[in-house]
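A.B. asks: One structure follows; several queries about it will come next.
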Amino acid sequence: MTTLEPATDAAQDNLAALESEAIHIFREVAGEFDRPVILFSGGKDSTLLLHLAIKAFWPAPVPFPLLHVDTGHNFDEVIEFRDRVVEQHGLRLVVAKVQDWIDDGRLEERADGMRNPLQTTPLLDTISENKFDAVFGGGRRDEERARAKERIFSLRNSFGQWEPRRQRPELWNLYNGRHRPGEQVRVFPLSNWTEADVWNYIAREKVELPSIYYAHRREVYLRDGMLLAEGPWGGPRPGEEVRERTVRYRTVGDGSCTGAIESTAATVEEVIAEVSASRLTERGATRADDRMSEAAMEDRKREGYF
């Protein structure tokens, strides 16, 4: 297993194998499906996914559009990075804004203000409207128990729902993408990567990320053991003190439920050293939406979440 120390020769061999597997998956999907799309939020995993897609088809352009299900509760640095990357590589970006679904009555704002759980309906509607039949996501099996049960090619029914009993075996890197009209396949090229692999690969490839993944000063307040920032999604409750701290983000999502960690890690190498001491996954440590219940992620996947 790859450690979070600077990559050794053996770790570099492992990274090369993981890269080769991901590139093979991209090319397999390109040959087997009619209308694939890549989920891209500007976070580290989706940025890595895009980097691998560019390598898979270079010097030709990436033959798939990108899709961002935008909660409207984003960090400015991430949206600026997203738009810059899209422009830099001449990509087509489809944006499904949760606010549009709220405005026309298809969704209702939650009492707690969280919008990550509201992403499912815009995602499924956009997939259906654009007739996407394969959807690339940056999920990894080490992140969460429900994701650990999912295949690289994850068949979804005509409602976009995940049915664990319909998951197909994937022996010898053979992937079965057959599906009925109306069904879709979610594809996870990073399934076998760990957070360690992601950061070591970012260091090796010099992949640019949004600045909030590295230490910076930010005003935050403590809630349920997480450091949250003020924004359009709301702010501190009575008794929650706002203080400026040196923090960074391990994962990026809806600002209402994504917490920062106190950190002085300002470079990739410092991040690698820091995470090596952690015993919590990035989602377990900093995502309030995954704490809603023991089976929060699995319930959402059964509803059609990516």
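A.B. asks: In the range 32-73, how many are within 25 Å of TRP233 (Cα to Cα), touching a residue at least 40 places away in the same chain (Cβ under 8 Å) and under 14 Å from the mean Cα position of the chain (by Cα)?
C.D. replies: 12
A.B. asks: I've got another one for you. Taking ARG166 as the residue in question, decide whether it is closer than 19 Å to GLY255 by Cα and either open to solvent by 20 Å² or more (accessible area, probe 1.4 Å) or at pLDDT below 90 (or both).
C.D. replies: no
A.B. asks: Specify the residue that is modelled with the highest pLDDT; the eligible residues are those in the range 4-19 that are among the polar types (S, T, N, Q) and open to solvent by less than 70 Å² (accessible area, probe 1.4 Å).
C.D. replies: Only one residue tops the list, namely ASN14.
A.B. asks: Given the conditions (1) over 16 Å from the mean Cα position of the chain (by Cα); (2) farther than 24 Å from SER256 by Cβ; (3) of a type outside the set (Gly, Ala, Ser), which single one is not true for ASP112?
C.D. replies: Only one criterion is unmet by ASP112, namely (2).
Matching residues to (1) surrounded by fewer than 20 Cβ atoms within 10 Å (Cβ to Cβ); (2) farther than 28 Å from ASN200 by Cβ:
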position: PHE26; (1), (2): no, no
position: VAL29; (1), (2): no, no
position: PHE33; (1), (2): yes, yes
position: GLY43; (1), (2): no, no
position: LEU66; (1), (2): no, no
position: ASP83; (1), (2): yes, no
position: ALA96; (1), (2): no, yes
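A.B. asks: So, one more: Quick one: MET226 ticks every box in (1) out of contact with any Ser or Thr (no Cβ under 9 Å at 6 or more places or on another chain); (2) farther than 21 Å from THR194 by Cβ; (3) modelled with pLDDT under 95 bar one, so which box is it?
C.D. replies: (1)
A.B. asks: Could I ask something else about it? Looking at GLU150, is it under 22 Å from SER41 (Cα atoms), surrounded by fewer than 21 Cβ atoms within 10 Å (Cβ to Cβ) and assigned by the TED database to the domain that holds THR47?
C.D. replies: For GLU150, the condition - under 22 Å from SER41 (Cα atoms), surrounded by fewer than 21 Cβ atoms within 10 Å (Cβ to Cβ) and assigned by the TED database to the domain that holds THR47 - is met.
A.B. asks: Of the residues GLY182, GLY160, GLY177, only one is assigned to a loop (DSSP other than H, G, I, E, B), closer than 20 Å to ALA30 by Cβ and not polar (S, T, N, Q); which?
C.D. replies: When all the criteria are applied, what remains is GLY177.
A.B. asks: Same structure again: Across the range 196-220, what is the total count of residues that are part of a strand (DSSP E or B) and in contact with a Leu (Cβ under 6 Å, 6 or more places away or on another chain)?
C.D. replies: Result for the range 196-220: 1.
A.B. asks: So, one more: Looking only at the range 192-232, count how many residues are of a type outside the set (A, V, I, L, M) and crowded, with 20+ Cβ neighbours inside 10 Å.
C.D. replies: Residues flagged as of a type outside the set (A, V, I, L, M) and crowded, with 20+ Cβ neighbours inside 10 Å within the range 192-232 amount to 9.
A.B. asks: Using the structure shown, decide if LEU91 is touching a strand residue (DSSP E or B) at 6+ places or on another chain (Cβ under 7 Å), surrounded by fewer than 21 Cβ atoms within 10 Å (Cβ to Cβ), closer than 21 Å to ASN130 by Cα and not polar (S, T, N, Q).
C.D. replies: Spelling it out, LEU91 is indeed touching a strand residue (DSSP E or B) at 6+ places or on another chain (Cβ under 7 Å), surrounded by fewer than 21 Cβ atoms within 10 Å (Cβ to Cβ), closer than 21 Å to ASN130 by Cα and not polar (S, T, N, Q).
A.B. asks: Would you check if there is a residue in the range 139-146 being in the same structural domain as ASP45 (by the TED database), modelled with pLDDT of 85 or more and surrounded by 14 or more Cβ atoms within 10 Å (Cβ to Cβ)?
C.D. replies: So far as the range 139-146 goes, yes, one or more of its residues are in the same structural domain as ASP45 (by the TED database), modelled with pLDDT of 85 or more and surrounded by 14 or more Cβ atoms within 10 Å (Cβ to Cβ).
A.B. asks: Kindly provide the set of residues from the range 233-253 that are buried (at least 17 other Cβ atoms within 10 Å of the Cβ), among the basic types (Lys, Arg) and in a loop (DSSP other than H, G, I, E, B), ordered by number.
C.D. replies: Passing the criteria: only ARG250.
The values are calculated or read from the model by the stated rules, or taken from the named source; none is laboratory data. Note that this is a predicted model, so its numbers are computed, not measured. Quick reminder, even Gly has a Cβ in these numbers, built from the backbone with ideal geometry, and neighbours come from all protein chains shown. Just the protein is used for accessible areas: all its heavy atoms, side chains included, with ligands, DNA and RNA removed. Shrake-Rupley method; radii C 1.70, N 1.55, O 1.52, S 1.80 Å.
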